[in-house]
């Protein structure tokens, strides 16, 4: 494909249209160039010396609108406006003659929102091949075995094998040993969407567990359910926790309000051996609005004078803080030997955030490159975080109230942790970025659909490629060179506004001034320079020793014993580059 | 009563119990004596001690709690961890251990009880046994000690009282007693008077120093004038000032009156592309301009260039009052305060931080400096910084410009030289601005701290371009809060040189009581020899100092730096080629050429300025200048080694110096990811490795070159002459390897400073044949140059290590490690920090 000579199309990617267009770049002004649209991406390249390139997966497009009319006046007033899910907006202008934008608008609309047009998502068309099959990264049985399960208190249940107990849960569940499958069925009737309390993680030493579920169906009348109460009691007894802590992620008032719709929380009188803690994390709508405000202040222009107060007014970092400090409380409870139950309303948004972050703090395995993939596969993908609804893959309905950046928030929290503990994570910022990029791109099957059930029906594992195939075929890119393996202690980040930072290299990465820093962090750049220099010196040292024969009587005496040490050192270091 | 007892007047304020204790200790107190594990300074007395105390560690220290013993002496609060190695009795005194804080830095003492917290003042009485003791410090540290259940209750109470009573309250006159407590003993005085200054940095005290700087910068057409030698021309300027060669001293004398406080335009630095940076105070307007004066004024202002840009720092930059207010707010915000419980709620942190304006001021300093750096880069201009007094913002901006543009200023030695040049010698009013004596509250303004924060911002954005480290900046920040250093205890060189009189005037004895130690001369007690702040070995342990530098990998210095005036033709950025005599005014980001800019040119009044000079500057020059500035604001320049470091100034890019302002233990989490304390960050680990290999290479090649070039074998001894005294100060220990590395880091930079001492050092006879041109090309710069130039091939086969250096001798500047062969080990006996730098014999 000659017009797209400088971009390699993915296997299975096909060109659909190309067109002369003007990109109204917020940083460089109007740029003439050519746009290419394939079934996977929108690619723009400007003419002239100062080349500006846009390369956007269509999946990242949230909204396409016409701008201006055939009769609008003013330069470049007629064209398209594209709102992206990845914190940028694009404006293109076209000639105001002959309905020049009609075809491109229609094509863009069709291919950006394939589901709304009965077309397959690109993940199903992709012919990409990788050395490794990322679908094998997470095997539930293996993961539970790694945690030391089953034990004499906890058993693995296949009651949900056909998604009959709960259609949004995975097939394999870990439940108290004493609870029969019949008990589980009864509990399911009292939990929102049948998402019963099941084990997420068990502490190897003190056997304290993190259990996740949805809200109890208490309702206005304050219903009770003996089975549910007994079931929680079993969880408590499993490691003789004196008081089971139930973390309700919601603010107290929201939990009360949920009673009106049949939900609610565990009352004191019904659950006497439990204490209920509200974590004050707001719902998906609040998060969506917060991100919207954040986008307003970071794209295209970043304000200087009132930056901090603008940032504060988005409340984005405050939400991050609440999620993190909730997770810290969970992790702290568990590490001190108390079992906890975590839920929100349906147990697939805030609950997933809390359990996965707490697990990340407690278990160093999840801080490795593969362990992190397992964590996401387990707590988010298999336990039915509604990716399809929250992201709106291939769906034109941009105003859908179900959309919310819950998963982005999790990745932000993880980033905050990597910032505070730069040596504790095996993966780097680039992994987090690539995860977010492909959260939207629809190039991989990993984040498509709402639950395992739907993925099975659509044969995702066969028909699509996993994101982890891409990542694990090129691990060097995603390795944190500063990682120091350490397993024993719990990581508690500081969840204070004083220590949280905006993830500039993600949220403001489209700003050309920030871009310089995006490529390589200063510290990492320094690391690379040092590595290059070391290699260079090593070579010189070797040359010296080889070439130097005459004065070497001098040289070898003084430097040979020491020259061995650099080579020794090298073996200590991870050298990923 | 032995030494250091000059401060025994304090005993009178103490509860009798403490007094007894102190007296009983001081009787058998000798220097270096290990008091329960505390290595005391000579004459230092332990007033109180509490065992089984735990100190809360900050996140940077690894978090958690550290068990040990807490001491209060009359100079510091010291904490000795339980199993810290036994102090070496013969080691030189170090003022502060790694966990110590000087009493002068303490601002508030707060005791935390079971149910309440109480601010403990010298007069307060505690009604509960403290469980925790929190020290709020002026340097923004918050130090937190936890008394164990096993700590004897009386000790917990007593030490709280003792600290509260002994720390220096904010009163005029306490500075001297504090100085005496720290440095007043006879041993300490002797020790200090034998101490040699770091010869590797430029102190800018003599005219030779300035000449070396001119040579380093490759500035021609300038000379060092000693017309102010007796401070008769300007009391606040230093003795020596650099002015255009064309102006004779007699002519120069007439220009002083035309500037506020006589602070005439003086040369600061030359950009490798040939522009000069000058600084001056505002013009005296109500003065008649003689025809001759005008010629001289023009000469002084334009220097060696044809076009001059006056950069206004008076209007748009923060005033000292602004800075003080901002810093006060920042402190209140960052320290929080558990005793007053008024700390800012977390969700208002960002807007409150913004409300301090501290970050705004940092941004405006950095922006202004970046603008000036871009102007300088653009070509042949004289850029003159103008501020009404020329003693605050001019210091900030001129030194920031140099940090941005001159890699030498990013080394520890170069940075210290820079502070000497642009702050200490230039007459920044440290004494008033820091307000040690608490007698100049209206003048107080932490301008220097603002500067340090700006440097830190540059450092975080370009860490690999600095040889000095964040730890270094932090140490300097903290030292500013100890009124012990001659560097900061005066407002200008004149005051500094008259210090003894000054002190005896300002000293008012506390409670009218002061015992003179027996056997010392009358003027002695009020004159402990104050060390310069750069004497780091006096202040901090070698472990801490080892973290002051980081090896730098980038080839840091472009060849043209040293003779920039020869390189003009290569300059593609040269936008400005204006008419001779054009003056522009840069204010608020735009250029103009107001006719009244130079008072002697504005027609009215003087009238003697010839009309022909008053032509409007060519209009096409303004866009050219503005282009220069735009390049700066876009910061499109891909960081090249010799391009200025232009910081990003977007909202999120100017950050809070967390390691400094938020390092209080209260902000630390109880547990953090444990980095084994023995382990370095992998980057540092690698950096040291690279450094070691580099040393080895240097050593290998110096070994081979010395064998091939026998004449050079004598050179180590010549370098020893200058640094031998230091050998005594830093006895070689097993850990000296690390220190050597730390110090060797400097040689990555062209330390032409080393050349500075040449004329003075009696080594020229050792190398009568040493080619002079070698001084203009520091071997270090070419050493890091990875590409061997063809010419280098002709030399010894190892010269590629040093670029195209035709002679091999520079190799000797790398002092080999201790295990070197006999001829080497002679030079190895240099030991210590300075020996390592062994000035290159050239």
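Return yes when residue A:501 is under 28 Å from residue A:26 (Cα atoms) and surrounded by fewer than 21 Cβ atoms within 10 Å (Cβ to Cβ) and no when it is not.
yes
Taking the stated definitions as given, is residue A:490 under 30 Å from residue A:26 (Cβ atoms), facing another protein chain (nearest Cβ under 9 Å) and either buried (at least 20 other Cβ atoms within 10 Å of the Cβ) or at pLDDT below 90 (or both)?
no
Checking residue A:419 against (1) touching a helix residue (DSSP H, G or I) at 6+ places or on another chain (Cβ under 7 Å); (2) within 14 Å of another protein chain (Cβ to nearest Cβ), which test does it fail?
(1)
When you look at residue A:243, is it surrounded by fewer than 22 Cβ atoms within 10 Å (Cβ to Cβ) and farther than 18 Å from residue A:333 by Cα, yes or no?
Answer is no for this residue.
Does residue A:500 count as at pLDDT 90 or above, within 30 Å of residue B:663 (Cα to Cα) and assigned to a loop (DSSP other than H, G, I, E, B)?
yes
Check the stretch A:426-439 and report whether any residue there is within 14 Å of chain B (Cβ to nearest Cβ) and at negative phi.
yes
Yes or no: the stretch B:152-163 includes at least one residue that is touching a strand residue (DSSP E or B) at 6+ places or on another chain (Cβ under 7 Å), touching a residue at least 24 places away in the same chain (Cβ under 8 Å) and under 30 Å from residue B:529 (Cα atoms).
yes
Determine if the stretch B:425-442 includes at least one residue that is assigned to a helix (DSSP H, G or I), in contact with a helix residue (DSSP H, G or I) (Cβ under 6 Å, 6 or more places away or on another chain) and within 18 Å of residue B:204 (Cβ to Cβ).
no
If you scan the stretch B:635-691, which residues turn out to be in a loop (DSSP other than H, G, I, E, B), at pLDDT 75 or above and farther than 30 Å from residue A:538 by Cβ?
Within the stretch B:635-691, B:644, B:646, B:647, B:648, B:649, B:650, B:654, B:655, B:656, B:657, B:662, B:663 meet the criteria.
In the stretch A:474-483, how many are part of a loop (DSSP other than H, G, I, E, B) and more than 7 Å from chain B (Cβ to nearest Cβ)?
Of the residues in the stretch A:474-483, 3 are part of a loop (DSSP other than H, G, I, E, B) and more than 7 Å from chain B (Cβ to nearest Cβ).
Go through (1) modelled with pLDDT under 90; (2) in a loop (DSSP other than H, G, I, E, B) one by one and return the number of the condition residue B:264 breaks.
Here residue B:264 meets the rest and fails (1).
For the stretch B:81-122, how many residues meet the condition of being in a strand (DSSP E or B) and surrounded by fewer than 21 Cβ atoms within 10 Å (Cβ to Cβ)?
7
Looking at (1) surrounded by 23 or more Cβ atoms within 10 Å (Cβ to Cβ); (2) more than 19 Å from the chain's Cα centre (by Cα); (3) not in a loop (DSSP other than H, G, I, E, B), which one does residue A:250 not meet, given that it meets all the others?
Failed condition: (3).
Checking the structure you have, find out if any residue of the stretch A:216-236 is under 26 Å from the mean Cα position of the chain (by Cα) and surrounded by 22 or more Cβ atoms within 10 Å (Cβ to Cβ).
No.
Mind checking which residues of the stretch A:180-197 are assigned to a helix (DSSP H, G or I) and touching a helix residue (DSSP H, G or I) at 6+ places or on another chain (Cβ under 7 Å)?
A:183, A:186, A:187, A:188, A:190, A:194 - these are the residues of the stretch A:180-197 that are assigned to a helix (DSSP H, G or I) and touching a helix residue (DSSP H, G or I) at 6+ places or on another chain (Cβ under 7 Å).
Please give the number of the condition residue B:420 fails out of (1) modelled with pLDDT of 95 or more; (2) in contact with a helix residue (DSSP H, G or I) (Cβ under 6 Å, 6 or more places away or on another chain); (3) within 21 Å of residue B:548 (Cβ to Cβ).
(2)
With out of contact with any strand residue (DSSP E or B) (no Cβ under 8 Å at 6 or more places or on another chain), modelled with pLDDT of 70 or more and either in a helix (DSSP H, G or I) or not assigned by the TED database to the domain that holds residue A:85 (or both) as the only criterion, which of A:564, A:532 stands out?
Sole residue among the options that is out of contact with any strand residue (DSSP E or B) (no Cβ under 8 Å at 6 or more places or on another chain), modelled with pLDDT of 70 or more and either in a helix (DSSP H, G or I) or not assigned by the TED database to the domain that holds residue A:85 (or both): A:532.
Return yes when residue B:297 is within 14 Å of another protein chain (Cβ to nearest Cβ), buried (at least 21 other Cβ atoms within 10 Å of the Cβ) and outside any strand (DSSP E or B) and no when it is not.
It is false that residue B:297 is within 14 Å of another protein chain (Cβ to nearest Cβ), buried (at least 21 other Cβ atoms within 10 Å of the Cβ) and outside any strand (DSSP E or B).
Taking the stretch A:98-109, which residues are surrounded by fewer than 22 Cβ atoms within 10 Å (Cβ to Cβ) and either touching a strand residue (DSSP E or B) at 6+ places or on another chain (Cβ under 7 Å) or at pLDDT 95 or above (or both)?
Passing the criteria: A:103, A:105, A:107, A:109.
The values are calculated or read from the model by the stated rules, or taken from the named source; none is laboratory data. Quantities reported herein were computed from a predicted structural model and do not represent experimental measurements. We place every Cβ from the backbone using ideal geometry, glycine too, and count neighbours over all the protein chains shown.
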